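Below is one structure, written out as structure tokens; comments come after it.
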Amino acid sequence: MEIRIGIINTGRELNFETSTTADDVRTQVAEALEQNAAHVSFTDVKGNSYIVPTANLAYIELGTEESRRVGFVA
């Protein structure tokens with residue numbers, strides 16, 4: 001699944017693929033915001049970790065969980 005994170009006062013967004021489901025990401029972000037956590041962390045499919053301060057979150061866009069098709073579709 002693709003995740004795009006907008007950060008306040010930053011022209012670029014954080015964009016990466018993760019194997020975590022959309023529901024798990026929603027739960028993780030909601031819990032971090034409700035508990036006033038300083039940051040929320042994510043891991044992409046390559047094993048890279050991303051730590052994002054919750055105070056600077058502008059938005060989080062969750063992509064579809066469908067696998068990409070390879071080849072030509074008629």
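The values are calculated or read from the model by the stated rules, or taken from the named source; none is laboratory data. Since the structure is predicted, the reported quantities are computational estimates derived from the model, not experimental observations. Here Cβ is always computed from backbone atoms with ideal geometry, including for glycine, and neighbour counts include all displayed protein chains. Note: areas computed on protein heavy atoms with side chains; ligands, DNA, RNA excluded. Shrake-Rupley method; radii C 1.70, N 1.55, O 1.52, S 1.80 Å.
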Which one is farthest from Thr20 (Cα to Cα) among residues in segment 44-62 that are open to solvent by 70 Å² or more (accessible area, probe 1.4 Å) and part of a strand (DSSP E or B)? Tyr59
What's the total number of residues in segment 4-26 that are open to solvent by less than 70 Å² (accessible area, probe 1.4 Å) and over 16 Å from Pro53 (Cβ atoms)? 7
